[in-house]
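Undergrad: Right, I'll just put the structure down here and ask away after.
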Amino acid sequence: MISSKALYSTWMYYSPDRMLIDCGEGASTYLGNKAFAVKRVFITHGHADHIAGLWGLVNTRNNAMGDKEKALEIYYPKGGKSVEEFLDFILRVNSDLKYNLTIKPLELGEEIVLHRTGSAQRVIRPFRTHHTVSEISFGYNIYEKRKKLKEEYRSLSQKEIMELVKEVGREKITLEYEHKILTVSGDATPIKVENAWETDVLVHEATFLDEGDRKGNNHSSVKEVLELAKKAHVKSVILYHISTRYERKVKRLINKAIEEVNIEIPVMYVHPSRIFTMN
């Protein structure tokens with residue numbers, strides 16, 4: 001579930017791991033009681049349209065009708081002064097929280113485990129993006145850590161594999177690999193190809209649907225994002241953070257860019273005036 005209107009508010013609720021990426025104004029209002037399901041919030045950068053909803057989220061979970069004992073974790077780019085100052089204010093005016101609120105700055109290279117089942121797990125890692133000089137900004141990748149049979153054992157029958165497991169152990173005949181299931185850019189110029197490489201879903205900002213409207217170098221155009229998607233061999237794309245100047249012609253301009261770039265993967269978009277829900 002994604003809501004994104006450039007300069008106004010952006011947030012994304014990822015239900016498989018009960019987390020928000022960014023928390024723009026109105027996030028808790030729309031989520032309602034789902035706000036109590038949120039376990040973690042990952043902030044991309046400290047601009048108001050990405051963090052203004054934190055106050056509402058913290059308050060909602062403290063005062064609305066729901067499970068007020070569920071803990072909440074908030075992560076943000078280390079050194080992000082705007083986020084730190086806003087969170088400090090929220091804590092000062094909410095000194096009587098009924099639940100455990102953890103606030104943690106993230107550094108590049110850190111990994112947060114989102115879900116673990118046996119040997120399989122999902123993790124999230126930040127990567128550096130370019131937005132503005134004054135604000136540290138991150139994108140995020142979600143990976144599934146999986147195991148598969150080593151090449152030399154793949155022709156064996158199920159019975160032979162089970163016998164090998166008993167004899168030498170599963171670890172000896174399998175290898176661990178990572179599968180990138182989601183990449184989120186936050187506000188940024190096009191992210192690096194390696195950060196989007198072969199991801200299942202690339203959620204990338206596309207503020208400018210007409211490259212002629214672009215001024216400065218803080219955001220991306222739709223053609224840049226689609227060209228990135230082709231180079232990175234992604235499976236599908238969701239365009240978000242689209243400027244409201246295109247509200248009446250979003251579909252037409254995106255279709256035009258798809259044709260010009262000649263991209264054949266599914267391309268979806270978050271309309272500036274609507275909530276996007278993945279089918």
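The values are calculated or read from the model by the stated rules, or taken from the named source; none is laboratory data. Since the model is a prediction, treat every value here as computed from it, not as a measurement. Here Cβ is always computed from backbone atoms with ideal geometry, including for glycine, and neighbour counts include all displayed protein chains. These accessible areas exclude ligands, DNA and RNA; they are computed on the full protein's heavy atoms, side chains included. Shrake-Rupley method; radii C 1.70, N 1.55, O 1.52, S 1.80 Å.
Undergrad: Give me the residue from segment 1-59 that is of a type in the set (Phe, Trp, Tyr) and surrounded by fewer than 18 Cβ atoms within 10 Å (Cβ to Cβ) and, out of that set, nearest to GLU84 (Cα to Cα).
TA: The qualifying residue nearest to GLU84 (Cα to Cα) is TYR8.
Undergrad: Answer yes or no: is there a residue in segment 249-259 that is among the small types (Gly, Ala, Ser) and either open to solvent by 10 Å² or more (accessible area, probe 1.4 Å) or not in a helix (DSSP H, G or I) (or both).
TA: Scanning segment 249-259, I find no residue that is among the small types (Gly, Ala, Ser) and either open to solvent by 10 Å² or more (accessible area, probe 1.4 Å) or not in a helix (DSSP H, G or I) (or both), so the answer is no.
Undergrad: Scan segment 190-204 for residues that are open to solvent by 20 Å² or more (accessible area, probe 1.4 Å) and either of a type outside the set (Asp, Glu) or within 22 Å of ASP22 (Cα to Cα) (or both) and jot them down.
TA: Here is the first cut: in segment 190-204, the residues open to solvent by 20 Å² or more (accessible area, probe 1.4 Å) are 190, 192-195, 197-198, 200-201.
Residues satisfying the conditions are PRO190, LYS192, VAL193, ASN195, TRP197, ASP200, VAL201.
Undergrad: Which residue, of ILE173, ILE181, is touching a strand residue (DSSP E or B) at 6+ places or on another chain (Cβ under 7 Å) and under 30 Å from MET12 (Cβ atoms)?
TA: ILE181
Undergrad: Do you know which residues across segment 219-244 are on the phi > 0 side of the Ramachandran plot and open to solvent by 10 Å² or more (accessible area, probe 1.4 Å)?
TA: Matches in segment 219-244: HIS233 only.
Undergrad: Of the residues in segment 237-248, how many are in a strand (DSSP E or B), under 16 Å from GLU211 (Cβ atoms) and β-branched (Val, Ile, Thr)?
TA: Residues in segment 237-248 being in a strand (DSSP E or B), under 16 Å from GLU211 (Cβ atoms) and β-branched (Val, Ile, Thr): 0 in total.
Undergrad: Same structure, new question: Taking the condition farther than 15 Å from THR183 by Cα, among the polar types (S, T, N, Q) and buried (at least 21 other Cβ atoms within 10 Å of the Cβ), does THR207 pass?
TA: yes
Undergrad: If you scan segment 188-231, which residues turn out to be charged (D, E, K, R) and either over 16 Å from the mean Cα position of the chain (by Cα) or in a helix (DSSP H, G or I) (or both)? Give the steps one after another, and end with the answer.
TA: Looking only at segment 188-231, we keep the residues that are charged (D, E, K, R), and these are 192, 194, 198, 200, 205, 210-211, 213-215, 223-224, 227, 230-231.
Selection gives GLU194, ASP210, GLU211, ASP213, ARG214, LYS215, LYS223, GLU224, GLU227, LYS230, LYS231.
Undergrad: Let me confirm something: among GLY216, GLY212, which residue is open to solvent by 20 Å² or more (accessible area, probe 1.4 Å) and closer than 14 Å to ASP187 by Cα?
TA: On the way: GLY212 fails: closer than 14 Å to ASP187 by Cα.
Result: GLY216 is the single residue among GLY216, GLY212 that is open to solvent by 20 Å² or more (accessible area, probe 1.4 Å) and closer than 14 Å to ASP187 by Cα.
Undergrad: Restricting to segment 158-182, name every residue that is modelled with pLDDT under 80, under 30 Å from LEU114 (Cα atoms) and loosely packed, with under 13 Cβ neighbours inside 10 Å.
TA: Hits for segment 158-182 are GLY169, GLU171, LYS172.
Undergrad: Go through segment 110-119 and give me each residue that's touching a strand residue (DSSP E or B) at 6+ places or on another chain (Cβ under 6 Å) and part of a strand (DSSP E or B).
TA: Passing the criteria: ILE112, VAL113, LEU114, HIS115.
Undergrad: Further question on the same structure: Is segment 147-157 home to any residue that is touching a residue at least 12 places away in the same chain (Cβ under 8 Å), crowded, with 16+ Cβ neighbours inside 10 Å and not aliphatic (A, V, I, L, M)?
TA: no
Undergrad: Another one. Tally the residues that are within 17 Å of TYR140 (Cβ to Cβ) and open to solvent by less than 50 Å² (accessible area, probe 1.4 Å), restricting the search to segment 80-109.
TA: The number of residues fulfilling the criteria is 4.
Undergrad: Shifting gears a bit: State whether one or more residues within segment 124-141 are at pLDDT below 95, touching a strand residue (DSSP E or B) at 6+ places or on another chain (Cβ under 9 Å), aliphatic (A, V, I, L, M) and surrounded by 14 or more Cβ atoms within 10 Å (Cβ to Cβ).
TA: yes
Undergrad: Considering only segment 260-275, state which residues are open to solvent by less than 80 Å² (accessible area, probe 1.4 Å) and part of a helix (DSSP H, G or I). Before the answer, list the steps.
TA: Pass one, segment 260-275, residues open to solvent by less than 80 Å² (accessible area, probe 1.4 Å): 261, 263, 265-273, 275.
VAL261 - this is the single residue of segment 260-275 that is open to solvent by less than 80 Å² (accessible area, probe 1.4 Å) and part of a helix (DSSP H, G or I).
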